[in-house]
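Trainee: Let me begin by handing over the structure; questions about it come next.
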Amino acid sequence: MTISISGFTFIRNGIELGFPFEASIRSLLPLVDEFVVAVGRGNDDTLARVLAIGDPKIRVIETLWNERMSDRGFVYAQQKMIAQYACTGDWAFYLEGDEVVHEQDLAAIRASVEKHHANPAVEALVFDYHHFYGSAQWISVSPGWYRRECRLIRNTIRTYAPDGQYWLVTSNHKRPRNPQAALANAHIYHYGWIRRNEDMQKKLDQVSKYWASSTAVQVQYSQFDARALKAFTGTHPQAVHAWLQTGAEQDLRIDPAYQPTRKENKYHLMRRLEQWSGLDFSRKHFKLVA
């Protein structure tokens, strides 16, 4: 029996907001049987860029965003589910527009799907994350950044997204719960926080609108707790190499006079406790069962 996998995502104004969405889509195409992209009507040529990838696996759904929806990012959930509900595979693989899969992990992901497909207790696969910050040479290790998240879920169970990041499962119309999951034994490479600083500000300005916030956070990559950073020693996915040269910040220089916030000091203490105890205090939207 062949196990089918659908890929899906949503994107709007991907060029204007500095998303490496083309690299994201291309990185997953070798694994999936189809890739559904919900492209919102916007101000740039995002739709044309998606179509120009030219792969017959890609199926585009043109959408119109609800500009009045400002409740906790639910407009992102709406767009995510428009794409997922159009998927036809046994499993559905969600990638955000700034997330990329490494070609060296594709075989391991397929093996994890095949290993757990026959076990209905496993509803999703969880990926480890590389959260790049400031430039492609640095990753965040703070427990304030989720270290693992579901990105592959059975497309034959009742699920919905409360926002763009994660899923909830509903069983027999009961109260929703986190998916039961197993490890995918692979990474997601998250590049959102190394896009050009001005593009990141545009993105945060948009996010604030859909999270009922009248004032967007003002971001400068140099204003960050250096204790939460670690040098990245691996390799980047081939699909994102070109974007790293043109769409990403090339160098991170932390302001030596920067004073960590109360929240950053809290996360630093939590990480010290993690190192001492071996526990992981980062947020989780899943329950490991295998």
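Trainee: Points 7 angstrom from Cα along the Cβ direction at LEU64 and ASP205: gap in nanometres?
Mentor: Output for this residue pair reads 2.5 nm.
Trainee: Can you run phi through the Karplus equation (6.51, -1.76, 1.60; θ = phi - 60°) for segment 267-277 and list ³J(HN,Hα) in whole Hz, with x for Gly and Pro?
Mentor: Using θ = phi - 60°, the values come out as 5, 5, 5, 4, 5, 4, 5, 4, 5, 6, 9 Hz.
Trainee: Which residues in segment 124-149 place their backbone N less than 11 Å from a point set 7 Å from the Cα of GLN218 along the Cα-to-Cβ direction?
Mentor: Zone members listed by number: none at all.
Trainee: Can you give the charge dipole size of the chain about its Cα centre, rounded to the nearest 20 debye, using +1 on the beta carbon of Lys and Arg and -1 on the beta carbon of Asp and Glu?
Mentor: Charge dipole of the chain: 1100 debye, to the nearest 20.
Trainee: Report the charge-dipole magnitude of segment 93-185 in Debye, nearest 20, computed about the Cα centre from +1 at each Lys and Arg Cβ and -1 at each Asp and Glu Cβ.
Mentor: 560 debye
Trainee: Continuing with the same structure: Which of HIS187, HIS131, HIS268 moves the most in a Gaussian network model of the chain with Cα springs under 10 Å?
Mentor: Result for the chain, Cα springs under 10 Å: HIS268 fluctuates most.
Trainee: Follow-up. Most fluctuating residue of ASN13, ASN178, ASN265 in a GNM of the chain with Cα springs under 10 Å: which is it?
Mentor: ASN265
Trainee: Given a 1.4 Å probe and every protein chain left where it sits, what share in percent of the accessible area of segment 16-62 is carbon and sulfur?
Mentor: Carbon plus sulfur share of accessible area: 45 percent.
Trainee: Could you grab the relative contact order for the chain? Cα pairs under 8 Å, six or more apart, rounded to a whole percent.
Mentor: In percent, rounded to a whole number, it is 23.
Trainee: Could you identify which residue out of ALA48, ALA242, ALA257 has the top mean-square fluctuation in a GNM of the chain using Cα springs shorter than 10 Å?
Mentor: Looking only at ALA48, ALA242, ALA257, the largest GNM fluctuation is found for ALA257.
Trainee: How much accessible area per residue does the chain have, counting only protein heavy atoms and a probe of 1.4 Å, in square angstrom?
Mentor: Accessible surface, normalised per residue, equals 49 Å².
Trainee: Could you calculate the FRET efficiency of LEU288 with ARG49 from 1/(1 + (r/R0)^6), where r is the beta carbon distance between them and R0 is 41 Å, rounded to 0.05?
Mentor: Calculated transfer efficiency: 0.65.
Trainee: Using θ = phi - 60° and the Karplus relation 6.51 cos²θ - 1.76 cosθ + 1.60, list the HN-Hα couplings for segment 84-97 in order, rounded to whole Hz, with x at every Gly or Pro.
Mentor: 5, 5, 8, 6, 10, x, 5, 10, 10, 10, 9, 10, 6, x
Trainee: Under a cut-off of 28 Å between alpha-carbon atoms, report the lysines in cross-link reach of LYS230, not counting same-chain residues fewer than 8 places apart.
Mentor: In chain and number order, the partners are LYS202, LYS203, LYS263, LYS266, LYS284, LYS287.
Trainee: Scan around ARG59 for amide H atoms under 5 Å from its own, H built in the peptide plane at 1.01 Å from N, and keep only partners 5 or more places away or cross-chain.
Mentor: Amide H to amide H, under 5 Å and 5 or more residues apart or across chains, ARG59 pairs with PHE35, VAL36, VAL37.
Trainee: Roughly speaking, what is the stretch gain from ASN185 to THR170, that is 0.36 nm per residue apart minus the C-alpha to C-alpha distance, in nm to one decimal?
Mentor: Value of the extension gain: 2.8 nm.
Trainee: Same structure, new question: Straight distance only, please: which aspartates and glutamates reach the Cα of LYS115 with their own Cα at less than 13 Å, same-chain residues fewer than 8 apart left out?
Mentor: GLU123
Trainee: Moving on to the next point. Answer rounded, prolate or oblate for segment 48-161, using the Cα gyration tensor with square roots of eigenvalues a ≥ b ≥ c: rounded when a/c is under 1.5, else prolate when a/b is larger than b/c, else oblate.
Mentor: It comes out rounded by the Cα gyration axes.
Trainee: On to the next question. Classify segment 12-83 as rounded, prolate or oblate, taking a ≥ b ≥ c as the square roots of the eigenvalues of its Cα gyration tensor: rounded when a/c is under 1.5, otherwise prolate if a/b is larger than b/c and oblate if not.
Mentor: Because a/c hits 1.5 or more and a/b exceeds b/c, segment 12-83 counts as prolate.
Trainee: A further question on this structure: Label the chain by shape, choosing from rounded, prolate and oblate, from the square roots a ≥ b ≥ c of the eigenvalues of the Cα gyration tensor; if a/c is under 1.5 it is rounded, and otherwise prolate applies when a/b is larger than b/c, oblate when it is not.
Mentor: rounded
Trainee: If you don't mind, there's one more thing I want to ask. What ranking of ARG12, ARG110, ARG272 comes out by heavy-atom accessible area, probe 1.4 Å, highest first?
Mentor: Solvent-accessible surface, decreasing: ARG272, ARG110, ARG12.
Trainee: Another one. For segment 135-222, what's the radius of gyration and Dmax over Cα atoms, in angstrom?
Mentor: In order Rg, Dmax, the Cα atoms of segment 135-222 give 16.6, 49 Å.
Trainee: Sequence neighbours fewer than 8 away in the same chain don't count; with that in mind, list the lysines whose C-alpha is under 23 Å from LYS209.
Mentor: Correct list for LYS209: LYS80.
Trainee: Show me, for segment 168-177, the HN-Hα J-couplings you get by feeding each phi into the Karplus relation (A = 6.51, B = -1.76, C = 1.60, θ = phi - 60°), rounded to Hz, glycine and proline as x.
Mentor: 10, 9, 10, 10, 6, 6, 7, 4, x, 9
Trainee: What is the local net charge at THR2, summed over the other residues whose Cβ is closer than 12 Å to its Cβ (Lys, Arg +1; Asp, Glu -1)?
Mentor: Charge balance in the 12 Å sphere: -2.
The values are calculated or read from the model by the stated rules, or taken from the named source; none is laboratory data. These figures come from a predicted structure and were not determined experimentally. Here the Cβ is made from the backbone with ideal geometry for all residues, glycine too, and neighbour counts use every protein chain on show. Keep in mind that these areas ignore ligands, DNA and RNA; they rest on the heavy atoms of the full protein, side chains included. Shrake-Rupley method; radii C 1.70, N 1.55, O 1.52, S 1.80 Å.
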